[in-house]
Amino acid sequence: MKAPTGTRLYRHALTAILAGGSLALVLNACGTAGTMPQIASEKEGPPYGGQASVSYAQSLWNAMNNARLVGDQAIHTVPYAGQEPHGAVLEALYSKVSVGGIAGVAGHEGKVIVKKNYNGDGITNEKVANHPAKYLSSITVMFKREAGYDPEDNNWFRAKYKPDGTVATDDQGMKLAGRVAKGTGQGCISCHSKHRDTDFQFNKSDFVNSK
């Protein structure tokens, strides 16, 4: 093949530059729009509270918001009496959402348990039913991640959010997202591990064994 010269060389160079620019834009779009951090990056960091876990928690919130499980347009269920470490009154929603999905790559769909925690002076189930936003103090979530995320704990990803969707922190300032309190002998995993026979869930519903 004869090497391009003159105008043909310029055109080839321009084509290469444009192609490279287009590729850069695509890669940049994937990096900024990507909403599913890699499992490896989470395993390399702390069990919870690391940037990868927090980013995943933010993507999970967006998916739940789109499904109307959280946010201003969220659906509501019948409130019921709760207990520590959750709210005095609770709502629980069971569903499935898909997290991730960038540049045509399918995201991961998994089961999600959304527990809305309500607190306040003189709180009652009826008051929460009539004015949920007034008493909502936090939202705790369990999301079933892909195989290999945390096999020891059935691959559950846990997160605690403020009502506005911001990831909450513990008393030491650690963000509560990921394999929360894993290895500490306290907190989410330690408490739920007493119920391994029901997939780490207290509520023994049909949802426990669903795929």
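Would you check if G100 is at pLDDT below 90 and surrounded by 15 or more Cβ atoms within 10 Å (Cβ to Cβ)? In short, yes. Among residues of region 48-69 being out of contact with any strand residue (DSSP E or B) (no Cβ under 6 Å at 6 or more places or on another chain) and outside any helix (DSSP H, G or I), the one that is modelled with the lowest pLDDT is G50.
Looking at region 133-149, is at least one residue of a type outside the set (G, A, S), outside any strand (DSSP E or B) and either over 19 Å from Q58 (Cα atoms) or touching a Ser or Thr at 6+ places or on another chain (Cβ under 7 Å) (or both)? Walk me through how you get there before you give the answer.
Going residue by residue through region 133-149, those that are of a type outside the set (G, A, S) are 134-136, 139-146, 149.
Those still in the list that are outside any strand (DSSP E or B) too: 134-135, 145-146, 149.
Still in the list and also either over 19 Å from Q58 (Cα atoms) or touching a Ser or Thr at 6+ places or on another chain (Cβ under 7 Å) (or both): 134-135.
Checking region 133-149: at least one residue is of a type outside the set (G, A, S), outside any strand (DSSP E or B) and either over 19 Å from Q58 (Cα atoms) or touching a Ser or Thr at 6+ places or on another chain (Cβ under 7 Å) (or both).
In the set (1) at pLDDT 75 or above; (2) surrounded by fewer than 15 Cβ atoms within 10 Å (Cβ to Cβ); (3) of a type in the set (D, E, K, R), E84 fails one condition alone, (1). Remark: pairs (first residue in region 130-144, within 27 Å of E109 (Cα to Cα); second residue aliphatic (A, V, I, L, M) and assigned to a helix (DSSP H, G or I); Cβ separation under 6 Å; 6+ apart in sequence or on different chains) = F143/L60. Assigned to a loop (DSSP other than H, G, I, E, B), aliphatic (A, V, I, L, M) and under 18 Å from the mean Cα position of the chain (by Cα): does that describe A159? Spelling it out, it is not the case that A159 is assigned to a loop (DSSP other than H, G, I, E, B), aliphatic (A, V, I, L, M) and under 18 Å from the mean Cα position of the chain (by Cα).
So which of K116, K127 is surrounded by fewer than 20 Cβ atoms within 10 Å (Cβ to Cβ), closer than 15 Å to H76 by Cα and basic (K, R)? Write out each step before concluding.
Working: K116 fails: surrounded by fewer than 20 Cβ atoms within 10 Å (Cβ to Cβ).
Residue meeting the stated conditions: K127.
The values are calculated or read from the model by the stated rules, or taken from the named source; none is laboratory data. Note that the structure is predicted; figures quoted are calculated from it, not measured. As a convention, Cβ positions derive from the backbone with ideal geometry for all residues, glycine included, and neighbour counts pool all protein chains shown.
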